[in-house]
Amino acid sequence: LEKLASELGSCATYLKSNVTNVEDMKAIVKLAKERFGKVDVLFANAGIMPAGNMSELDINGWINMVDINIKGVLNSMYAVIPEFYEQNSGHVIITSSRAGTTLVPGNAVYCGTKHFVKVMLQSFNSETNQEGKNIRTTTIYPGAIKTELLNTVAENDHKRMVEGFYEQFGLQPETIANAVLYAISQPDGVDVSDLVVRPTFEG
């Protein structure tokens, strides 16, 4: 991060943080305001996927997924919502997953966490509309993207199967970056609420 921020120059800064710690999220918002004047966009993208059947009773994996995939998003929104409401503008972008819209054996808890953020953000969008707040929301539903997410999957038959598909068909992370750029580049009053990004052969 330090190297990337240095390459980007004055238009970027960074702060190492933990999404499960709400104080860390508040510190990021504070840094962004100090450096750039205000916060325009929140992109909540952190997530893990320690897959396995429920019968394996991986309670630690379940708890970690809830802490990062759900609480991490809520902590981020908790930190930024006051700013968005005060300035009456902002854009919340959250990475869900195609797994958040369907059933995937071996990923029951992961599917649940990704469905939660989907429905939560839709509900938040409805609330801001009722309150007359000019806050946009976008949920991104990635398919197979070659990121570090696979590093969080336990070593089992499920991982080996997924790795093979990702290796053959997985998209580069820049694909998601382009989707985010598309969403935030829309003119005022236009809300790209949902974006599904998947390999053509994912089906």
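Laboratory data are not the source of any read-out in this text; all were calculated from the coordinates shown. As the structure is a computational prediction, the values presented were derived from the model and not from experiment. Cβ atoms come from the backbone with ideal geometry, glycine included; neighbour counts cover every protein chain shown.
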Inset, instruction - Give the residue from 175, 135, 201 lying farthest towards the positive end of the charge dipole for the range 38-202; charges sit on Cβ (+1 for Lys and Arg, -1 for Asp and Glu) and the dipole is referred to the Cα centre. - result: 201
Inset, instruction - Using only Cα atoms, tell me the angle between helix 108-130 and the longest principal axis of the chain; keep it within 0 to 90° and round to the nearest 10. - result: 20 degrees
Legend entry - Options 51, 109, 1, ranked by Cα towards positive dipole end of the chain, top entry (Cβ charges): 1
Legend entry - Lysine pairs meeting the criterion (Cα under 16 Å, 8 or more apart or interchain), as found in the chain: 9
Legend entry - Ranked packing of 48-57, 189-198, most packed first, by mean Cβ within 10 Å: 48-57, 189-198
Inset, instruction - Note the angle between two axes, namely the Cα long axis of helix 72-87 and the longest principal axis of the Cα atoms of the chain, as a number of degrees from 0 to 90, rounded to the nearest 10. - result: 20 degrees
Legend entry - Value at 222 nm in deg cm²/dmol, rounded to 500, when DSSP H runs of n ≥ 4 in the chain each add -39,500 (n - 2.57): -14500 deg cm²/dmol
Inset, instruction - Kindly express, to the nearest 10 degrees and within the range 0 to 90, the angle between helix 22-36's C-alpha long axis and the longest C-alpha principal axis of the chain. - result: 50 degrees
Legend entry - Rounded FRET efficiency, nearest 0.05, which uses the C-beta distance separating residue 56 from residue 5 and R0 of 41 Å: 0.55
Inset, instruction - Please get the size of the charge dipole for the range 1-119, origin at its Cα centre, with Cβ charges of +1 on Lys and Arg and -1 on Asp and Glu, quoted in debye to the nearest 20. - result: 200 debye
